[in-house]
Protein chains: 2
Amino acid sequence: MPRISSPTPRPSDDEAAVAAANAAFYAAFEARDLDGMSAVWEHSDRVSCVHPGWHVLRGWGAVAGSWFALFGGPQHLQFILTDEVVSVAGDTAWVTVDENLLDGDTVGGTVTALNVFLRDAVSETWKLVAHHGSPVAQRQ
Amino acid sequence: MPRISSPTPRPSDDEAAVAAANAAFYAAFEARDLDGMSAVWEHSDRVSCVHPGWHVLRGWGAVAGSWFALFGGPQHLQFILTDEVVSVAGDTAWVTVDENLLDGDTVGGTVTALNVFLRDAVSETWKLVAHHGSPVAQRQ
């Protein structure tokens, strides 16, 4: 039997780990938890973030600054996540998910998001390198 | 001298190849070239595409159908691409870029995009697996 020196983890394990990282992102977002948000992201120049309707922000400094500003603002967003799909390819993963914003007890709008994660070589944890959220136009 | 059995390509080569794949996507988009668009994408269930204001489309069938509909419609989009940044991590790459839509000779609006590419194991070419474009709100 051939010796496998570098066994590939079961896809389901990776997918679950990425889904957990994605959930941690939204948990930090809802809780306006800067430390939690910081733990989710890779701290590098290559990260990027697009908030709905915004220009792209690049680099962890600019991205962290946007969360600081958002969390200090009046909006306290809560959402129900739907239609989440996780794809894993080696040490990269991407998640598409709908953020259904709650306005009281009703859904006030939907943001569709693409989140890209890389597996950190040292910690083996999945870190967010790109978040892109955009408003879904109301159906006519 | 240790023998390197699997040399890592120079990052600059990979970045250039990803930039070329990204350019091919926009060339097919502008030319309304379905064959060119088809050649850019991975043909799989895991691809996703968000056109500005749209819900996410998943799977090559739905994505191809959207390009077919767009290319058959009245809009003939042309754009100037600005602020393109390519990041490569192993066999994955992602590109952030602004699509500045031309309205005659003036810029009529900006769409900011995140494009994710994977290197195909057989052909070694970079294939698009996720495109997410969203409108940038006009500055106040």
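The values are calculated or read from the model by the stated rules, or taken from the named source; none is laboratory data. Since the structure is predicted, the reported quantities are computational estimates derived from the model, not experimental observations. So basically every Cβ, Gly included, is an ideal-geometry build from the backbone, and we count neighbours across all protein chains shown. SASA here: full protein model, heavy atoms, side chains in, ligands and nucleic acids out. Shrake-Rupley method; radii C 1.70, N 1.55, O 1.52, S 1.80 Å.
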Handout entry: Ellipticity estimate at 222 nm from DSSP helix runs (n ≥ 4, -39,500 (n - 2.57)) divided over chain B, nearest 500
Key = -9500 deg cm²/dmol
Fill in the blank from the handout: Binned at 10 Å starting from 0, the alpha-carbon pair-distance distribution of the stretch B:33-93 in whole percents comes out as 17, 44, 35, 4
Handout entry: Relative counts (whole %) of C-alpha pair distances in the stretch B:1-134, using bins that are 5 Å wide
Key = 2, 10, 19, 24, 20, 12, 7, 3, 2, 1, 1, 0, 0
Fill in the blank from the handout: Here the stretch A:108-121 yields Karplus 3J(HN,Hα) values (6.51, -1.76, 1.60; θ = phi - 60°; whole Hz; Gly and Pro given as x) of x, x, 10, 10, 9, 10, 10, 10, 10, 10, 10, 7, 5, 5
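Net charge near A:Tyr26, counting Lys/Arg +1 and Asp/Glu -1 over other residues with Cβ under 13 Å of its Cβ? Present the calculation step by step, with values, prior to reporting the outcome.
On the way: positive: A:Arg32; negative: A:Glu30, A:Asp33, A:Glu84, A:Asp98, A:Glu99.
Once positives and negatives cancel, what remains is -4.
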Problem - Estimated vicinal HN-Hα couplings, Hz - the stretch A:93-103 in sequence order (Karplus 6.51, -1.76, 1.60; Gly, Pro = x) - result: 8, 9, 10, 10, 7, 9, 9, 8, 6, 8, 10
Exercise for the section: Determine the residues within the stretch B:70-100 where the difference in accessible area between the chain on its own and the full set of protein chains amounts to at least 40 Å²; count protein heavy atoms only and use a 1.4 Å probe. Expected result: B:Thr92, B:Trp94, B:Thr96
Exercise for the section: Can you pull out the buried accessible area for chains A and B, both sides counted, probe 1.4 Å, rounded to the nearest 100 Å²? Expected result: 2600 Å²
Practice task
Please report, as a whole percent, how much of the solvent-accessible surface of chain B comes from carbon and sulfur atoms (probe radius 1.4 Å).
Solution key: 55 percent
Fill in the blank from the handout: The Cα radius of gyration of the stretch B:66-140, divided by 2.2 N^0.38 Å with N its residue count, comes to 1.31
Problem - Whole-number D in µm² s⁻¹ for the protein assembly as shown, Kirkwood Cα-pair radius fed into Stokes-Einstein, 25 °C, 0.890 mPa s - result: 124 µm²/s
Problem - Derived scalar couplings ³J(HN,Hα) [the stretch B:50-63; Karplus, 6.51 cos²θ - 1.76 cosθ + 1.60; whole Hz; x for Gly, Pro] - result: 10, 7, x, x, 8, 6, 5, 9, 10, x, 4, x, 5, 5
Problem - Positive minus negative residues near A:Ala113 (Lys, Arg vs Asp, Glu; Cβ under 13 Å) - result: -4
Problem - Check: the stretch B:84-128 dipole with +1 on Lys, Arg Cβ and -1 on Asp, Glu Cβ, in debye - result: 220 debye
Fill in the blank from the handout: Expressed in square angstrom to the nearest 10, the accessible area of B:Trp94 with a 1.4 Å probe stands at 0 Å²
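Taking only protein heavy atoms into account and a 1.4 Å probe, give the accessible area per residue of the protein assembly as shown in Å².
Normalised by residue count, the accessible surface of the protein assembly as shown is 52 Å².
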Problem - For B:Trp41, distant residues with modelled amide H under 5 Å away - result: B:Leu128
